[in-house]
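Bear in mind that the values in this text are calculations on the coordinates, not laboratory data. Keep in mind it's a predicted model, so treat the numbers as computed, not measured. Backbone-built Cβ (ideal geometry, glycine too); neighbour counts: all protein chains shown.
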Amino acid sequence: MNKKDKKNSSARRPYTFKRVSENLYKVIETGGYYALVKRGGKQIRRSLKTTDKALAKRRLAELKQKASKLRTGKENASITFERYSKRWIEAKAASLKSKTIRRMKDCLQGIKPYLGNTLIRNITYQDCERWLIGRGKELKASAYRQERQLMIGVLKAAERDGIILDNPATQLPNKKLPKIVIQVPTHDQFRSLIKQMRQADSRGIHGAYLVELLAYSGMRLNEAINLTWRDIDFDRGCFTVTGGEYGTKNHEIRTVPLFPAMRELLERIRSDRTEINPDYVTPIKGARTLMANAAKKAGIPRFTHHSMRHYFCSNAIEVGIDFKVIAGWLGHKDGGILVAKTYGHLRDTHSFEMAKRMTVNASQKEAFNVVSLTEKGAEHI
């Protein structure tokens, strides 16, 4: 027998288990420990992933405690992945947008051929792996992640409900999303875009208002098109972002300062107020086609509604606003982490540009960019 055959023969040989104590077994060949627990007439065997006896006993105790919470009723024993998933999605419908629910249902259709008829209580990693092998390669990263996340969410709920002991889908590898290049218009490109949109027709003018509103407020499209005049407090100098019927992305209302450029824009819109949706600041729901046509005529890249949110952020960073403050204006709850991660390079670029202006040296006759200490307020520097 050659080395290869010997190796294959060894790999096929079953392990020898030695009972150490109640529910605890040791693999003679590897020294590792396994647990064997019975619950509701079903045997649960788990590797305790250790060769240390004391640690194995602690993990066994945790496993037994977890197994004791399993519910062994007839309903749990007979429910399939598809039926349980539909019930889970229906329960989510009250708190999620209809668009999100539709996407979840689409994801379920992709998973159904692989797990749909399998009893939830019997699902193993090998079952999840069948989806990975059969579906994983054909899906783009974003669609793959959505289906994987649905599977994890459904099985997590089943674990919470005491139907399964643990969630095998969490072991599925994730797909990296392609790096998205953020398209941020320059000031000249932004002005050219607005100019071309205004020259189109009345709808183009309203489209330009919407694009300016996005650029001067940092709001998402859904937030901007649902902004009403009642949400704006000119006296206090602020506006409230509600997101209308569907709410904001994080389902929280926020109050944001009324920035000078936005105040001036609102005054213009108010003087040109249309009879179409008079309660709303902007009468149209989007300007994608108008933006694309204007960009083509102006000879500049095509920008999206969300590009204007990026434009707002880049302007805020350019004038030195703190990441945490910007995050609050945008409706982020992470204290500025995402803003720093996404736009941090802009601050670095701006810092280097500002450094070029630091040209004062001892040989100059006049220090043009040094604040005179006799100026008002200089004593507080």
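Annotations for the structure displayed:
- In sequence order, the range 97-109 has phi-based couplings of 5, 4, 5, 5, 5, 4, 5, 5, 5, 5, 4, 4, 4 Hz under the Karplus curve 6.51 cos²θ - 1.76 cosθ + 1.60, θ = phi - 60°, and Gly or Pro positions carry x.
- Charge dipole (Cα centre; +1 on Lys/Arg Cβ, -1 on Asp/Glu Cβ; no other charges) of the range 62-197 amounts to roughly 340 debye.
- If you take the Cα centroid of the range 161-224 and the Cα centroid of the range 279-341, the two points sit 7 Å apart.
- Pairs from the list Lys49/Lys176; Lys66/Lys175; Lys42/Lys66; Lys105/Lys156; Lys18/Lys57 with a Cα-Cα gap above 19 Å: Lys49/Lys176; Lys66/Lys175.
- Estimated dipole of the range 119-241 in Debye, rounded to 20 [Cβ of Lys and Arg +1, of Asp and Glu -1, Cα centre]: 440 debye
- In the range 245-305, a dipole from Cβ-located charges (positive for Lys and Arg, negative for Asp and Glu) runs towards its positive end, and of Ala298, Leu266, Val256 it is Ala298 whose Cα lies farthest in that direction.
- For the pair Ala292 and Lys137, the difference between a 0.36 nm per residue extended length and the Cα-Cα distance amounts to 52.5 nm.
- Shape of the range 282-329, Cα gyration tensor, a/c cut at 1.5: oblate
- Links that overshoot a 19 Å alpha carbon limit, given the list Lys137/Lys249; Lys97/Lys249; Lys97/Lys324: Lys137/Lys249; Lys97/Lys324
- Using the average count of surrounding beta-carbon atoms within 10 Å as a protection proxy, the listed peptides 146-156, 255-265 rank, highest first, as 146-156, 255-265.
- Taking a sphere under 10 Å around the Cβ of Gly328 and counting the other residues whose Cβ falls inside, with K and R at +1 and D and E at -1, yields a net charge of +2.
- Neighbours of Gly136, meaning other residues whose beta-carbon lies under 12 angstrom from its beta-carbon, give a summed charge of +4 when Lys and Arg score +1 and Asp and Glu score -1.
- Cα gyration tensor shape of the range 187-355, rounded if a/c is under 1.5, else prolate or oblate by comparing a/b with b/c: oblate
- Summing Lys and Arg as +1 and Asp and Glu as -1 over all other residues whose Cβ lies under 15 Å from the Cβ of Pro301 gives a net charge of +4.
- Size of charge dipole - the range 199-250 - debye, nearest 20, with Cβ of Lys, Arg +1 and Asp, Glu -1, no other charges: 120 debye
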